[in-house]
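Report on the following structure.
The values are calculated or read from the model by the stated rules, or taken from the named source; none is laboratory data. All values derive from a computational prediction rather than experimental measurement. Neighbour counts run over all protein chains shown; Cβ positions are idealised from the backbone, glycine included. Accessible surface is based on the protein model in full, side chains and every heavy atom, while ligands, DNA and RNA are left aside. Shrake-Rupley method; radii C 1.70, N 1.55, O 1.52, S 1.80 Å.
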Amino acid sequence: EYKNSLEVLSKNQILKQIEKFKVEEIPENLVEQEVSILKQGMKEEEINKNKKDLEKKAKERIKVGLILNAFGEENKIQVHENEIQAEIQKQLKMMPGQEKIVMDYYQKNPSATESLRGTLYEDKIIQSIKSKAKINKKEISKEEAEKILKSAHDHAHDHKHDDSPDDKKAVSGKKILASKKAKSLSKKTTKAKKVSKK
């Protein structure tokens, strides 16, 4: 459990670093799509008040998606059907007695399967980034793990405008899918993949 939580934390830190990269151009229609996703469940008054913040967050999410997708393509990262099925099986084991409901959900909602594919794709990209990085491994105690996670949790609450690790995970599939849509829109989108560090 601690290992999984720390994995999510390190993934979130990688995504935060990617947010600092510069992208030449972000397709406007993708920004509109992402803003409409972010607006879901918000009141009209809240939307008008946070219009600029929503646009900024939408651009950041799309930018991260484009960069990750470019990395995935460059490194020929793919998600195979058997990996999606293995992930669904894992979910079935975690929900004993509700296997039929979960299976029906994926069979009746192709978008749920695509979202799962997006999440797996992003996870594989993050693992690939980690494998290319210079890593200093350190064994830590349960107490140290608790301290790190508590500190990260408190930090996320201090910066409410930032995404928490769990929130990042929830939108990750959408980001990657948005970036894939971007590819098919026009050749101009490839400009967005030219990345330079600040």
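Quick one: if you stick a label point 7 Å off each Cα along the C-beta vector at A86 and K124, how many nm between them?
1.0
Mind checking Rg over Rh on segment 1-141, alpha carbons, Kirkwood formula for Rh?
On the way: Rg = 18.0 Å, Rh = 17.8 Å.
Using Cα coordinates only, the ratio equals 1.01.
Quick one: pull the percent of accessible area on segment 2-97 belonging to carbon and sulfur, 1.4 Å probe, ligands and nucleic acids left out.
50
Using DSSP to define loop residues, name the trypsin sites (Lys or Arg not before Pro) in segment 1-98 whose beta-carbon has at most 13 other beta-carbon atoms within 10 Å. Could the numbers behind the result be given before it?
On the way: sites: K3, K11, K16, K20, K22, K39, K43, K49, K51, K52, K56, K57, K59, R61, K63, K76, K90, K93; in loops: K20, K43, K76.
Passing both the DSSP loop test and the Cβ count: K20, K43, K76.
Magnitude of the Cβ-charge dipole of segment 1-80, K/R +1 and D/E -1, about the Cα centre, nearest 20 debye? Show your work: numbers first, answer last.
On the way: 16 positive and 16 negative charges, 56 e Å.
So the dipole magnitude of segment 1-80 works out to roughly 260 debye.
Which whole-Hz ³J(HN,Hα) couplings does segment 72-89 yield from phi under the Karplus relation 6.51 cos²θ - 1.76 cosθ + 1.60, θ = phi - 60°, glycine and proline marked x?
x, 5, 4, 9, 6, 7, 9, 10, 8, 4, 5, 6, 5, 4, 5, 5, 5, 4
If R₀ is 30 angstrom, what is the calculated FRET efficiency for the pair Q78 and K138, using the beta carbon separation as r and rounding to 0.05?
Numbers: r = 32 Å, r/R0 = 1.08.
Taking R0 as 30 Å, the efficiency between Q78 and K138 is 0.40.
Taking 7 Å along the Cα-to-C-beta vector as the label spot, tell me the K39-I148 distance in nanometres, rounded to one decimal.
Between K39 and I148, the simple spin-label model gives 4.1 nm.
Could you give the spread of the C-alpha atoms of segment 90-138 along their three principal axes, from largest to smallest, in whole angstroms?
Projected onto the principal axes, the Cα atoms of segment 90-138 cover 44, 24, 7 Å.
Determine ³J(HN,Hα), in whole Hz, for all residues of segment 27-40 in sequence, where each value follows from phi through the Karplus function 6.51 cos²θ - 1.76 cosθ + 1.60 and θ = phi - 60°; x replaces Gly and Pro.
Along segment 27-40, the couplings run x, 4, 5, 5, 4, 4, 4, 5, 4, 5, 5, 5, 6, 4 Hz.
Hey, what do the phi angles of segment 14-22 turn into as Karplus ³J(HN,Hα) couplings, whole Hz, using 6.51/-1.76/1.60 and θ = phi - 60°, x for Gly and Pro?
5, 4, 5, 5, 5, 4, 7, 5, 9
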